[in-house]
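Peer 1: Once you've had a glance at the structure underneath, I'll fire off some questions.
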Amino acid sequence: MNDISATVDRLVGGDKTTLARALTAVENARPHAEDLLAALQPHTGAAQVVGVTGAPGVGKSTLCNALVREWRTRGHRVGVIAVDPSSPLTGGAVLGDRVRMHEHDQDDGVFVRSLAARCNGGGLSASTRGAIVLLDAAGMHRVLVETVGTGQSEVAIAGIVHTTVVVSAPGLGDDVQAIKAGILEIADVLVVNKADLPDAEQTARQLRGMLGLRERREWQPPVIMTCGQTGEGVDELADALQRHCDARAAAPRERDRAEPPGERRSGLQRLAARDRFAGHLGIELLEGGYGQASVRMRVQECHINFNGTCHGGALFSLADTAFGLASNAHGGIAAGIDAHITYPRAVRLGDTITARAVEETRSRRFATYRVMVTRGDGATVATFTGTVAFSGDGQTGPAPKKESTE
């Protein structure tokens, strides 16, 4: 695993043993894990990442098993990340979700990995993002992320996947529950599972009524009735997921036609010029476009800490500047709501460091970005991940207006 290049070659080639070891390295935050994830970035972006969330007991695992079966009939290679709850006392986890997927054990086109939440919030594990990168790079056409059973305000899943499926079941609440803010608002697809139970049709009507009260958007979440045990409705769910994938793919092309690259760069330059703190640190914009931006800074005396190396806050500010520019390049207002950074190597006086931010996932309300900070010799000195929330429709926000030069 210490030979990053060889590991990348084996993993991209589909070697499952290498994939399993890489997932263990990422989950346990081994020293070389961040370098491996950085090296895999050029090999990612092909998979559709689907998150499945909902309250405990709605049948998420059984539904996921049926969805994997449907995807396999369509010829897709599938990676599954099943997040299980951890004991707050011992830290242990049963990792039982994969038990419901045992029928795929001998299928070379399916890879299932359980992750312990380890008391991480939002129904996810801290290593979920990294696991998605690994499965994507390993050639999975679909990556399915099943969360721990969640409540109304646990919406972290929407920030790391392309499509969010919120699963409900009959008998879990009345129509007041259906219109509450929170988890239902992040849904790209709404599912009423256990459709063979009484009141399933009523639950579906309540959800459709909730959608009718919300602001109309370009993508209107469908309400689909399924039965994970029998497979009823799962083909319709797979069709809806494909339609959402196609809609997401089409939206950037529409924006690209609407505004030339030169104008996008000018808009980013105006945003960068407004950031006085970044200017004080000597951060300059190199390039950018929709969902991406690169900035650079030369380490000066004012950046050095008491240990004689570049202050972590300066590195964070460089990465955060790239993150902010990339996420606001779409023209709408994107507000950062979560960020995490690691520092695998020290940076010295006189080093020139570059931060490149790239959009990893995007939904109607959230997007996540990964920022790689490198030295002039190409070594990774920091990795940063961040999530933004959009005010308004983040998918189709207007492009920045061109200012007059008169």
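The values are calculated or read from the model by the stated rules, or taken from the named source; none is laboratory data. Computed from a predicted structure; not experimentally measured. Neighbour counts are summed over all protein chains in view; Cβ atoms, including those assigned to glycine, are modelled from backbone coordinates with ideal geometry.
Peer 1: Among the numbered criteria (1) modelled with pLDDT under 80; (2) not in a loop (DSSP other than H, G, I, E, B), which one does Gly173 miss?
Peer 2: Failing condition for Gly173: (2).
Peer 1: Filter region 16-33 for residues that are free of Cβ contacts under 8 Å to residues at least 60 places away in the same chain, within 19 Å of Asp107 (Cβ to Cβ) and surrounded by fewer than 16 Cβ atoms within 10 Å (Cβ to Cβ) and give the result.
Peer 2: Across region 16-33, the qualifying residue is only Thr17.
Peer 1: Could I ask something else about it? Within the bounds of region 315-333, is there any residue that is more than 21 Å from Ala272 (Cβ to Cβ) and in contact with a strand residue (DSSP E or B) (Cβ under 6 Å, 6 or more places away or on another chain)?
Peer 2: So in region 315-333, the residues more than 21 Å from Ala272 (Cβ to Cβ) come out as none.
No; the residues of region 315-333 include none that is more than 21 Å from Ala272 (Cβ to Cβ) and in contact with a strand residue (DSSP E or B) (Cβ under 6 Å, 6 or more places away or on another chain).
Peer 1: Here is a follow-up. Take region 330-356 and flag every residue that is touching a residue at least 60 places away in the same chain (Cβ under 8 Å) and under 17 Å from Arg296 (Cα atoms).
Peer 2: Within region 330-356, Thr354, Ala355, Arg356 qualify.
Peer 1: Moving to a separate point now. Only residues that are among the β-branched types (Val, Ile, Thr) and surrounded by fewer than 14 Cβ atoms within 10 Å (Cβ to Cβ): list them for region 343-357, please. Show your work before the answer.
Peer 2: Initial filter on region 343-357 (among the β-branched types (Val, Ile, Thr)): 347, 352-354.
Answer for region 343-357, where residues must be among the β-branched types (Val, Ile, Thr) and surrounded by fewer than 14 Cβ atoms within 10 Å (Cβ to Cβ): just Thr352.
Peer 1: Looking only at region 1-49, count how many residues are part of a helix (DSSP H, G or I), among the hydrophobic types (A, V, I, L, M, F, W, C) and within 21 Å of Thr361 (Cβ to Cβ). Before you say what the answer is, go through the steps one by one.
Peer 2: Our first condition is that a residue be part of a helix (DSSP H, G or I); within region 1-49, this holds for 4-12, 16-27, 33-43.
Then keep just the ones that are among the hydrophobic types (A, V, I, L, M, F, W, C); that gives 4, 6, 8, 11-12, 19-20, 22-23, 25-26, 33, 36-40.
After this cut, where a residue has to be within 21 Å of Thr361 (Cβ to Cβ) as well, the list is 11-12, 19, 22-23, 26, 33, 36-40.
Final tally of qualifying residues: 12.
Peer 1: Something else about it: So is Gly267 outside any strand (DSSP E or B) and more than 24 Å from Val381 (Cα to Cα) or not? Before you say what the answer is, go through the steps one by one.
Peer 2: Details: outside any strand (DSSP E or B): yes; more than 24 Å from Val381 (Cα to Cα): yes.
Taking the combined requirement at face value, the residue satisfies it.
Peer 1: Please go through region 6-59 and give me each residue that is under 22 Å from Tyr343 (Cα atoms) and among the charged types (D, E, K, R), ordered by number. Reasoning before the result, please.
Peer 2: Restricting attention to region 6-59, the residues satisfying the condition of being under 22 Å from Tyr343 (Cα atoms) are 7-8, 22-42.
Residues satisfying the conditions are Glu27, Arg30, Glu34, Asp35.
Peer 1: Something else about it: Out of the residues in region 25-56 that are of a type in the set (Asp, Glu) and within 17 Å of Val373 (Cβ to Cβ), which is modelled with the lowest pLDDT? Let's see the steps before the verdict.
Peer 2: Going residue by residue through region 25-56, those that are of a type in the set (Asp, Glu) are 27, 34-35.
With the extra rule that they be within 17 Å of Val373 (Cβ to Cβ), the set shrinks to 34-35.
Working: Glu34: 79, Asp35: 83.
Once the filter is applied, the top-ranked residue is Glu34.
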